[in-house]
Structures are given as structure tokens and as C-alpha cells.
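Just so it is clear, none of the values below were taken in a lab; they were calculated from the coordinates. Here the structure is a predicted model, which means the values were calculated and not measured. Ideal geometry is used to build each Cβ from the backbone, glycine not excepted, and the neighbour counts take in all protein chains shown.
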Amino acid sequence: MAKILIVGLGDIGSRLAAALLALGHEVHGLRRSPVPVPGVRLIQADVMQCDSLTLPAGLDYVYVILTPAEYTDEGYRRIYVEGLGNLLAALGGQQLRRIFFVSSTAVYAQDSGEWVDENSPTEPVEHNGKRVLEGEYLLRASAFENATVRFAGIYGPGRLRLLKWVQSGKPVIAEPPQWTNRIHIEDCAGLLAFLLEKDIAGVTLDAIYVGVDDTPVPQHVVLDWIAAKNGLPPVPHIAEGVGQNKRLSNQRSRHLGYAYKYPDFMAGYGAVLAAAAE
């Protein structure tokens, strides 16, 4: 049994906590609000307030799942640079086995439909990608063993943006193809728990993993499928000749042995739409 701290008990963190508790681990969770999570030993604290970061001793693993208070450059800088720095300072002296850091595929700027993996260049142009990557560098420069998971397009129950898009009839760019990448939130938690179990088993982990499902797909294909599933007319397709985005590969996590519960958008959105219809 490992003693684990999850910093950030939002949707991913709460699902991860449940998975780790089911595996028999001792789970502590840090969040700003006093709202409890069943089975989790709650620490009400804020990584932006150093004097609140009184952490349990003897931790084996820490998960860092941060969310900016505002989606501006300053909001990202404060949480992913200043806040992460505060957390690392508070962990000083702990003999951790590893820190797992949740990052984003926003660190990749590729935009011509090319395939991208963990070895691809990270040259973000938007502030969110730049600040998250800065947080990755900060963690890598620390004294702690660490692994970063870069998630893309997180979706799941209650996240109905694409259904609302179809219902609105707003056009979608179909030419050139607008490649999209995604991961169901259950697989976010599943992959994070899987990496810990591999580490406990003595398997050598890589420093970076891309967390996406098996199937990058053009946006209009997803919207057409959602429309058909709901008996709605397809949204208009247009051609604008703008950037194509990228196609992300999950082969590193696949080769390690992780089996995605929702390997493609049809499995994942099928479950989301079925739950919304109940």
C-alpha cells in the first residue's frame, strides 16, 4: 500500500482517488474547498498560499492536477509556475518515489495534420501551452523523480459542448480536415492510476506520456456521428483553408500496457450521450 497525495480534487482527481482507494492505497487530497471526497483524507489548502501547505509526512507519491483560477496568461503563470513552486518547496525533505504531473497537449504547436508523440518538439505559441510547459521544466529541475502526462480534449459525463454545437447548426470546417484528439475522463484517471501501479511493480517509466485515445478524427466526422445518433440534421460543412491541427499518438502508453476503456470517440461519446438521455 502506498501513501498518496492528490493535489487537486476536481473531476479527474476525485475519480483518481476512487480508483486508488479501490486498489487499497491510503489517499490524501488537497483542495481549496472543504467539500469531502469519500475515503479521502482531506487537506484544505491552497498552493498559492504557502502557509496553508502543511502536508502529511511519509508520502510515497504525489499527483499534481492543477487548474488556473482564470484562463489568462497571469492565471496560468500563477498556478503552474508560482503555485507549483510553492508545492515543491512544501514537499522538500520528503522521500517521494515519484511525482505525477498532469499537463496538456497545448505544449505542442504543430498544426498541419502531422503525427505528434512524446518526442515531438514542444514550441507552444499560446500562453496556456507556454505556462504549462514552464511548469514541466520546473518539475524536471526539482529533486524528485517525476512523470508528466499530457492530456488532450478531455470529455465525459455532463460535457455536452459538441451536442450543443450540433443542435445549434453552426457550420464546421471540413476542408481541409480539422483533426481533433480526445480522452474520456475515466481514461484520464485510469491511466494515472495505471502508471502508479507500474511504478510500484518496478517497471521503468518514461518521463512523458501523451494521454489520448486511439483515434484522431476530423471534427466534422464527430459532429456528423453525434447528429446521426440523435436524429438531428448534420451541421453544414464549409471549406476555409485554415490550419489542420495535429494527430496525437498514444503508442507509448499502449506499449506500456494501458487498455483504454474508450478507445475512440464513438465508444466515449456513445456513453456520454446515453447518460445524458437518461
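Structure summary
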{"quantity": "Among (1) over 27 Å from Ser112 (Cβ atoms); (2) part of a loop (DSSP other than H, G, I, E, B); (3) hydrophobic (A, V, I, L, M, F, W, C), the one test that Val235 misses", "calculated": "(1)"}
{"quantity": "Restricting segment 110-146 to residues that are surrounded by 13 or more Cβ atoms within 10 Å (Cβ to Cβ) and of a type in the set (S, T, N, Q), the residue that is nearest to the chain's Cα centre (by Cα)", "calculated": "Asn128"}
{"quantity": "Search result, residues across segment 238-252 that are outside any strand (DSSP E or B) and of a type outside the set (D, E, K, R)", "calculated": "Gly241, Val242, Gly243, Gln244, Ser249, Asn250, Gln251"}
{"quantity": "Scan of segment 199-214 for residues that are buried (at least 16 other Cβ atoms within 10 Å of the Cβ) and under 16 Å from Gln251 (Cβ atoms), ordered by number", "calculated": "Leu205, Ile208, Tyr209, Val210, Gly211, Val212, Asp213"}
{"quantity": "Where His28 falls short, out of the listed (1) within 30 Å of Arg254 (Cβ to Cβ); (2) within 21 Å of the chain's Cα centre (by Cα); (3) assigned to a strand (DSSP E or B); (4) in contact (Cβ under 8 Å) with a residue 24 or more places away in the chain", "calculated": "(1)"}
{"quantity": "So Arg182, is it surrounded by fewer than 23 Cβ atoms within 10 Å (Cβ to Cβ), farther than 22 Å from Asp73 by Cα and of a type in the set (D, E, K, R)", "calculated": "no"}
{"quantity": "Pair list, Cβ < 8 Å and 6+ apart or interchain, from segment 202-226 residues that are over 19 Å from Trp115 (Cα atoms) to residues that are of a type in the set (Phe, Trp, Tyr) and surrounded by fewer than 23 Cβ atoms within 10 Å (Cβ to Cβ)", "calculated": "Leu223/Trp165"}
{"quantity": "Residue list for segment 38-64, filter: surrounded by 18 or more Cβ atoms within 10 Å (Cβ to Cβ) and in a loop (DSSP other than H, G, I, E, B)", "calculated": "Val40, Ala45, Val47, Leu53, Leu59, Asp60"}
{"quantity": "Options Val149, Val107: the member that is in contact with a Pro (Cβ under 7 Å, 6 or more places away or on another chain) and surrounded by 19 or more Cβ atoms within 10 Å (Cβ to Cβ)", "calculated": "Val107"}
{"quantity": "Cβ pairs under 6 Å, 6+ apart, first in segment 250-266 and of a type outside the set (D, E, K, R), second surrounded by fewer than 16 Cβ atoms within 10 Å (Cβ to Cβ)", "calculated": "Pro263/Asp214"}
{"quantity": "Residue in segment 217-226 that is part of a loop (DSSP other than H, G, I, E, B) and either within 23 Å of the chain's Cα centre (by Cα) or farther than 13 Å from Ala147 by Cα (or both) present", "calculated": "no"}
{"quantity": "Test set (1) of a type outside the set (Ser, Thr, Tyr); (2) outside any helix (DSSP H, G or I); (3) under 29 Å from Leu96 (Cβ atoms) - Glu186 fails condition number", "calculated": "(2)"}
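Residues are listed down the side, and each one gets a yes or a no for (1) among the basic types (Lys, Arg); (2) surrounded by fewer than 18 Cβ atoms within 10 Å (Cβ to Cβ); (3) over 12 Å from Arg182 (Cβ atoms); (4) out of contact with any strand residue (DSSP E or B) (no Cβ under 6 Å at 6 or more places or on another chain):
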| position | (1), (2), (3), (4) |
| --- | --- |
| Asn230 | no, yes, yes, yes |
| Leu248 | no, no, no, no |
| Met266 | no, yes, no, yes |
| Gly270 | no, yes, yes, yes |
| Leu273 | no, yes, yes, yes |
